[in-house]
Amino acid sequence: MSIESPAELASSGSLLSKLFRRKNLDKILADSENQEHKLKRTLTAFDLVIFGVGAMIGAGIFVLTGSAAAGSEGHLAAGPALILSFVLTGFICGFCALCYAEFAAMAPISGSAYTYAFSTLGEFIAWIIGWALVLEYAVGNMAVAVGWTGSIKAFLAGYHIHLPTFFTSNMLNTVNTMDGVDTSIVLQKIPFTIPFTDTHQILLIQNAFNLPAFLVVMAVTALLVFGVSESAKTAAVMVFTKTGVILLFIAVGAFFLFGGHMELLHTNWFKEGWTTFAPNGFNGILTGASTIFFAYIGFDAVSAAAEETKNPQRDIPIGILGSLAICTFLYMLVTAVITGVVPLYQINKEAAVVSAMGAMGFEWASVLVSIGAIAGLTSVLLVLQMAGTRIFYAISRDGLLPASLSKIHPKYQTPHICTVLVGLFVAVGAGLLPINLLAEMCNIGTLAAFIVVCVGVAILRFTDPDRERPFRTPMGVIFPIIGALGCLFVMTGLPLFTWVVTGSWFLLGMVLYFGYGFSHSKLNNPPQNPTLTVKANREELPV
Ligand code: ALA
């Protein structure tokens, strides 16, 4: 593989060569081994599976399953065939997971897709992917926080406590005029049709702010500023709680469905056949797949722990593929229970799992499931928020964002400035924007990152064939290509409106890169004395 040194790059000068300047993979690996505060290798394969499950089970399954199965503004209902959407997305993610596993085992370093892209496809693509990952982690977390409020509301509703809409709803909402709108809460109605979506949609500005979502994000931010090990312990407890309630939900559902309550079912789709099972055929399944893709987001975060893993070459592939397999299986069963026990039109789009439990008449279990959902969403908030700040940190360390973002707090040893900034951004977004738009924007960002990882793995097979690959995606470059095409395919199921909003995000990214990153990149300013600068650059996180 021909890798240019920073000095060569700086002197080569042309715009194109600067845009595609690459970091040397061997140098990144050597730096990570030699750094003063080397990360401790303590994690096992089991820990990584827990980590992956912790990052995945959240708003996707607890909340979005509802709107994906029953349909929402501009989205076709998948119906019970949402089970197949999970299989489809699970397979596509599986191909991408193999690529992540190959990359992470080959280069067990932090920074995930951003770092992989920097060493294979060059700085410009790495920046785009870094920017896409911010979309994945920060905007994804806004969606999770909105889902968190939904779960709190469902929990309190169990005790007949109903919180006022003006501080539990988002300021911006897309609603379908066909659904009837509660005009009492609408202060300003923008009477225009959102272009590109169905003609009955309107965008509303309500006199509302999602305060619980805002507060929970700020609490998570504080936890992350004060210490990562505390956050990890908190997340582990929450992972066990949420997995436990998911298993409880499936067990109660199986008892309900097969234990003599079949006559109670409203949507007995396994008796009535395909039209009830898949009300909108394949289109519904595809739309469902693009929405619930959100539920799979997080397995890639396992690769971020590569530098802290005892035997990364073996354990990272197990962690990524194991957590993906477990979640796919659980998601299919949960969807079967929800759509088996609740009629499509009655599925609660704010808290699908919790209210399905209530529909089965097990009040005590319903309370437990709400607690599990709240714990589950909180752990996702923690993991994604941490991953998001680490990406910002890595980008700023490379000079593409201001250096102050990678400053470490002297006492808490965490990147406090970028943690607080990301926290504020996420908290305000969670207070203002609707969950579906947020989740779909997050999906586009993640799908883009997945595509780059697949393409990167394929490219490296040709440009660097002799590098040791402790884990190899089988069948040459076929799986990476299928993974990349699969992601493109899922992307096509997302509404055009989401594309336009996401496009604006990337435009902002371009402005930042050409306005700042391009000229401040560390590769642009190669060290005069490399030894000294490597030391200066070692402002690494001790986590
Ligand atoms: N997969 C995570 C969730 O569903 C992001 O909340």
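The values are calculated or read from the model by the stated rules, or taken from the named source; none is laboratory data. This is a predicted model, so every value here is computed, not measured. Neighbour counts are summed over all protein chains in view; Cβ atoms, including those assigned to glycine, are modelled from backbone coordinates with ideal geometry.
Miscellaneous remarks
Quick grid of which residues meet (1) free of Cβ contacts under 8 Å to residues at least 40 places away in the same chain; (2) away from the ligand (no atom under 16 Å from the Cβ); (3) not aliphatic (A, V, I, L, M):
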{"position": "Met56", "(1), (2), (3)": "no, no, no"}
{"position": "Gly60", "(1), (2), (3)": "no, no, yes"}
{"position": "Gly94", "(1), (2), (3)": "no, no, yes"}
{"position": "Tyr114", "(1), (2), (3)": "no, yes, yes"}
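- In region 461-475, the condition of being modelled with pLDDT of 85 or more, in a helix (DSSP H, G or I) and surrounded by 13 or more Cβ atoms within 10 Å (Cβ to Cβ) is met by at least one residue.
- Flag for Pro402 being of a type outside the set (Lys, Arg) and surrounded by fewer than 20 Cβ atoms within 10 Å (Cβ to Cβ): yes
- Yes/no for Gly52 being away from the ligand (no atom under 15 Å from the Cβ), modelled with pLDDT of 80 or more and either on the phi < 0 side of the Ramachandran plot or touching a Phe, Trp or Tyr at 6+ places or on another chain (Cβ under 6 Å) (or both): no
- Any hit, region 153-168, residues being aromatic (Phe, Trp, Tyr), in contact (Cβ under 8 Å) with a residue 40 or more places away in the chain, buried (at least 22 other Cβ atoms within 10 Å of the Cβ) and touching a helix residue (DSSP H, G or I) at 6+ places or on another chain (Cβ under 6 Å): no
- Test: residue in region 126-138 that is out of contact with any strand residue (DSSP E or B) (no Cβ under 7 Å at 6 or more places or on another chain), more than 21 Å from Leu447 (Cβ to Cβ) and assigned to a helix (DSSP H, G or I): no
- Exactly one residue among Ala117, Ala81, Ala145 is modelled with pLDDT under 90 and of a type in the set (A, V, I, L, M), and that residue is Ala117.
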